[in-house]
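The values are calculated or read from the model by the stated rules, or taken from the named source; none is laboratory data. Just so it is clear, the model here is predicted, and its values are computed rather than measured. Reconstructed Cβ throughout: ideal geometry from the backbone, glycine too, with neighbour counts over all protein chains shown.
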Ligand code: GLA
């Protein structure tokens, strides 16, 4: 049993293979958090860590009479609530029918069941069968009748615990929720760093690590999407935690809209993490008897450093979040025409690309933006999901047949949530945009946002997109979102419900994605938002891969993919080899380097293959072959960050190791060349110390010299390391295959 309840001391203990989470029904029925960390022994009770103490300016429950020793302001709370004197970050602010802003939640009951819980209409981590147990703890405010059920699912073998809250209006009237977060995690002692992920378009998920300080450190988005700017993932760790050692705790929100993640350090040096839907511009109306379900948070603890924390997230999300045929099936190696042609293509041009690509082993042609409506540039056509026969002269089916006859699949681009003013859809339905009455609305990339909270909008999109997908043998969809939301207002909702629109928008997106992915189970869906602007765990439930960044420069990608790897599996990271000079940076890098970097993700090309020299085509053929050979190692292997590109400006290295330690793949990119350089020695990780491994260069790289190759013990590769011979010139790269002999 991974979930235990001890009635004698009202103690809940949640065990995973390597971790334990404990909480307790404390004085006056408050649910007190006791512990989250390394696995404890059976029967361990950490109630001793709970010590009531009189604190001035921290109030006491009325039932305490004149006993000042207990206050929820200073105790570790399982779900913090506003109004009864917990002055720290609260998860819940209700406005009750009588106007009070108060939730005084006390324990009522609990249930334990097999299997994973599923928050209504929201993406979530699921059970593949016999992997999970769920605990539901019901709390209620005895005066107002408002109830909150905290739902915890324990994935024992994955070392993960998920949780969300269901808020039920059991009061005598209407309740409005001003804040309804998913989770709170309190630490009564310890000094920590907090790691957040920030960025911008073409520079996503940069790692920022700062010591926790008094007050709050906040990471959030009010853009209507999880965003390039911040990511809904936060790590708390020891000051001295490294990739290989130290305690760390991750909280990852399985949600794609506005979010907040807060780390608060209080007057008693206690740390509180909270996470959920951003309370700004949020106000959810709950009629009597109605429930509101928060998104789910996946919590993972590692006592062995950040590397292990990431690997646990990778395994959890690969196996228990991503769905569909392509969860396990090898993803096709693709070529996308965006950077090859931008809007300037027709069917013959696409077929020419497919002709050359197919000869090199590439398996899927993705037709990007520009095939529909009157779209010649980014000012027109969004919403008109009808084939532009000025470009696809023979129509979609004919293009598909031509591409299929070359032995390649065809994929297609959509931006379902958007609308151009110059479109038939806009002329017919200007009221379908998100914007307030009498307001012209802000344009961004010349476009407006459709009101995805509306059923009629979703119906239109389902019908038109389904018609396109049924009209030809399309096997891939890229789902883009190229602007953020402003002028938030839905014409379909009354004034008092406008605070629901951001969340209803995302629920609408999820609803449409669910319908389309179920209707077209053989289609591989890839998420995208101007690159990685909606790279979050919510999207991974619908799209097992997400275009990681519009920045395709191999050197820039080193840090973007490094940051992304903290919370998301490599199998989800869309990455392509593009042309040089790179279109975003103007930098030129060797083909081998671009291949090595793009291969650490869902591999593909995004360049005009018709313009490549015979020599470049040979390299592509080889890369495609290599990629197919090492595919499993990359998609299912354990990922090790061997260097930090934000700190090490000379080289970046990373490694994949098969779960059975039989083989590994080492990747090294030399970022900077110096005169009289110091050669670097890289220590591998995750190998069997007793086993012997043959180290040999992958045919990808021209630069590896014999010195680093040979047969060595796992121990020597991990303890002493591998000397990487210097590679002349900036941006050279090497890849080594390491096989147990
Ligand atoms: C976004 C995507 C690109 C491309 C363009 C098309 O920026 O990230 O890959 O699809 O849109 O407009």
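Could you tell me whether residue 496 is in contact (Cβ under 8 Å) with a residue 60 or more places away in the chain, assigned to a helix (DSSP H, G or I) and either touching a strand residue (DSSP E or B) at 6+ places or on another chain (Cβ under 9 Å) or at positive phi (or both)?
So residue 496 fits the description; yes.
Among 75, 17, which is the only one that is touching a residue at least 12 places away in the same chain (Cβ under 8 Å) and touching a helix residue (DSSP H, G or I) at 6+ places or on another chain (Cβ under 8 Å)?
Within the list 75, 17, the selection yields 17.
Taking segment 301-354 on its own, how many of its residues are in contact with a helix residue (DSSP H, G or I) (Cβ under 6 Å, 6 or more places away or on another chain), more than 30 Å from residue 579 (Cβ to Cβ) and not in a helix (DSSP H, G or I)?
Summing the residues that are in contact with a helix residue (DSSP H, G or I) (Cβ under 6 Å, 6 or more places away or on another chain), more than 30 Å from residue 579 (Cβ to Cβ) and not in a helix (DSSP H, G or I) in segment 301-354 gives 3.
Collect the residues in segment 175-216 that are crowded, with 17+ Cβ neighbours inside 10 Å and either outside any strand (DSSP E or B) or modelled with pLDDT under 95 (or both), keeping them in residue-number order.
188, 201, 202, 212
Cβ-Cβ distance below 7 Å, separation of 6 or more or different chains: which pairs start in segment 355-370 with a residue that is in a helix (DSSP H, G or I) and end on one that is within 15 Å of the ligand (Cβ to nearest atom)?
So the pair list comes out as 357/335; 357/365.
Return the residues of segment 13-45 that are under 17 Å from residue 159 (Cα atoms) and assigned to a strand (DSSP E or B); say none if nothing qualifies.
Hits for segment 13-45 are 13, 14, 15, 19, 20, 21, 22, 35, 36, 37, 38.
(1) out of contact with any helix residue (DSSP H, G or I) (no Cβ under 8 Å at 6 or more places or on another chain); (2) assigned to a strand (DSSP E or B): which one isn't true of residue 269, the others all being true?
(2)
When the residues of segment 526-547 are narrowed to those that are more than 13 Å from the ligand (Cβ to nearest atom) and over 18 Å from residue 332 (Cα atoms), which ends up surrounded by the fewest Cβ atoms within 10 Å (Cβ to Cβ)?
Ranking the candidates gives 541 first.
Name the pairs: first residue in segment 548-560 and more than 13 Å from residue 576 (Cα to Cα), second residue away from the ligand (no atom under 14 Å from the Cβ), Cβ to Cβ under 6 Å, at least 6 apart or on different chains?
As it stands, the answer is 559/645, since those pairs meet every condition given.
Looking only at segment 348-359, count every residue that is away from the ligand (no atom under 16 Å from the Cβ) and buried (at least 21 other Cβ atoms within 10 Å of the Cβ) and tell me the total.
Number of matching residues: 2.
When you check residue 523 against the structure, is it within 16 Å of the ligand (Cβ to nearest atom), at pLDDT 95 or above and more than 24 Å from residue 298 (Cβ to Cβ), yes or no?
No; evaluated as a whole, the condition is false for this residue.
Kindly establish whether residue 515 is away from the ligand (no atom under 16 Å from the Cβ), out of contact with any strand residue (DSSP E or B) (no Cβ under 9 Å at 6 or more places or on another chain) and not in a loop (DSSP other than H, G, I, E, B).
yes
Does segment 103-121 include one or more residues that are under 30 Å from residue 213 (Cβ atoms), touching a strand residue (DSSP E or B) at 6+ places or on another chain (Cβ under 6 Å) and crowded, with 21+ Cβ neighbours inside 10 Å?
Checked segment 103-121: at least one residue is under 30 Å from residue 213 (Cβ atoms), touching a strand residue (DSSP E or B) at 6+ places or on another chain (Cβ under 6 Å) and crowded, with 21+ Cβ neighbours inside 10 Å.
Please state which of the following conditions residue 337 fails to meet, knowing it meets all the rest: (1) touching a strand residue (DSSP E or B) at 6+ places or on another chain (Cβ under 7 Å); (2) closer than 28 Å to residue 259 by Cβ.
(2)
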